[in-house]
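The values are calculated or read from the model by the stated rules, or taken from the named source; none is laboratory data. Source: prediction; values computed, not measured. Here Cβ is always computed from backbone atoms with ideal geometry, including for glycine, and neighbour counts include all displayed protein chains.
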């Protein structure tokens with residue numbers, strides 16, 4: 001057995017134990033730096049590398065060599081080619097090369113009834129042409145744009161998949177696979193009504209918002225379903241709007257369909273990883289109700305209270321502030337990792353991840369050395 005295969009087997013067992021409620025032999029670790037960070041770390045142009053993915057293999061090789069992690073690092077879900085082919089307005093590349101999501105409106109308030117009656121048809125016939133300029137025009141033009149975009153995306157995913165396979169074979173990362181979906185309320189706000197629009201809708205037509213979330217729930221479940229659900233497969237769900245809602249609106253409009261979605265996905269035998277964005281401290285009792293061993297990566301909050309309320313049932317992650325890597329000394333960064341290990345690791349159910357991903361690298365700052373020191377410290381001292 002090669003060293004890489006042995007490492008993969010060891011790491012797979014870490015996550016199998018973690019996801020099944022057992023205590024692994026050590027705390028598993030994921031590097032919070034993204035593909036954007038890795039490209040900058042290699043000293044290459046961000047925009048150019050995302051348009052020419054052949055440049056990424058040496059980028060990832062250096063990245064994997066220089067930073068400890070148990071999972072494949074630096075993934076990206078927003079490759080620009082197919083977005084530009086479709087004339088995307090909700091996902092665009094900035095002048096600096098970062099992919100961004102402007103606050104867009106894909107559905108008008110007066111179209112709620114149409115959406116509720118048939119969300120899929122409304123998305124295809126009304127919303128997509130509004131958000132993607134190349135979906136406007138004669139059917140032949142639209143079909144050609146779609147075919148080009150699908151081919152570009154397939155080619156890009158194949159290139160990234162080949163790189164990932166090489167890195168896994170060389171460095172022995174855990175063999176996890178993931179899907180991505182959104183809570184129905186977040187989907188309604190992110191791509192359909194916008195942050196401003198949904199905030200007004202909650203007060204003007206809450207019944208329509210609730211009905212729209214119920215209507216789109218099956219599509220969100222389908223999007224989050226893995227082809228072959230398994231212990232090492234998980235659905236990633238970033239949670240956006242809840243902290244900006246009054247609790248009564250959260251309880252009536254956000255929570256019911258979100259809870260149904262998580263329960264359905266977990267019932268398929270796959271793990272669910274929530275990115276609990278912003279501050280959810282007032283909603284911890286709700287989160288406790290989710291299926292056992294739901295993975296919760298927190299951005300903000302009191303780790304002691306989170307551990308006390310959720311740590312006996314769910315898997316806690318996040319909470320390490322990536323801003324400290326830029327502003328703190330190496331010792332301060334390591335001390336913070338130790339503090340969180342002391343609070344969150346006892347009793348198991350802890351996965352070391354940072355509070356958010358790192359997308360930008362200040363080449364004159366201390367992030368690289370501080371990140372390396374923290375990852376090495378947790379690897380060497382992350383016992384339960």
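Yes or no: residue 309 more than 22 Å from residue 182 (Cβ to Cβ), part of a loop (DSSP other than H, G, I, E, B) and either free of Cβ contacts under 8 Å to residues at least 12 places away in the same chain or in contact with a helix residue (DSSP H, G or I) (Cβ under 7 Å, 6 or more places away or on another chain) (or both)?
Taking the combined requirement at face value, the residue does not satisfy it.
Would you mind telling me which numbered condition in (1) without any contact (Cβ under 8 Å) to a residue 40 or more places away in the chain; (2) more than 21 Å from residue 367 (Cβ to Cβ); (3) loosely packed, with under 15 Cβ neighbours inside 10 Å residue 51 fails?
All conditions pass for residue 51, except number (3).
Results for (1) under 29 Å from residue 261 (Cα atoms); (2) modelled with pLDDT of 95 or more, shown as yes or no for each residue.
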position: 148; (1), (2): no, yes
position: 151; (1), (2): no, yes
position: 161; (1), (2): yes, no
position: 172; (1), (2): no, yes
position: 176; (1), (2): yes, no
position: 179; (1), (2): yes, no
position: 184; (1), (2): yes, yes
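Taking residue 68, is it within 21 Å of the chain's Cα centre (by Cα) and either crowded, with 20+ Cβ neighbours inside 10 Å or part of a strand (DSSP E or B) (or both)?
Numbers: within 21 Å of the chain's Cα centre (by Cα): yes; either crowded, with 20+ Cβ neighbours inside 10 Å or part of a strand (DSSP E or B) (or both): no.
So residue 68 does not fit the description; no.
Any idea which residue in region 289-299 is surrounded by the fewest Cβ atoms within 10 Å (Cβ to Cβ), counting only those that are touching a helix residue (DSSP H, G or I) at 6+ places or on another chain (Cβ under 8 Å) and in contact (Cβ under 8 Å) with a residue 24 or more places away in the chain? Break it down stepwise before answering.
Pass one, region 289-299, residues touching a helix residue (DSSP H, G or I) at 6+ places or on another chain (Cβ under 8 Å): 289-291, 293-296, 298.
So of that shortlist, the ones also in contact (Cβ under 8 Å) with a residue 24 or more places away in the chain come out as 289-291, 293-295, 298.
Numbers: 289: 12, 290: 19, 291: 16, 293: 16, 294: 23, 295: 24, 298: 27.
Among those that are touching a helix residue (DSSP H, G or I) at 6+ places or on another chain (Cβ under 8 Å) and in contact (Cβ under 8 Å) with a residue 24 or more places away in the chain, it is 289.
Against the conditions (1) assigned to a helix (DSSP H, G or I); (2) in contact with a helix residue (DSSP H, G or I) (Cβ under 8 Å, 6 or more places away or on another chain); (3) surrounded by 15 or more Cβ atoms within 10 Å (Cβ to Cβ), where does residue 12 fall short? Just the number, please.
(2)
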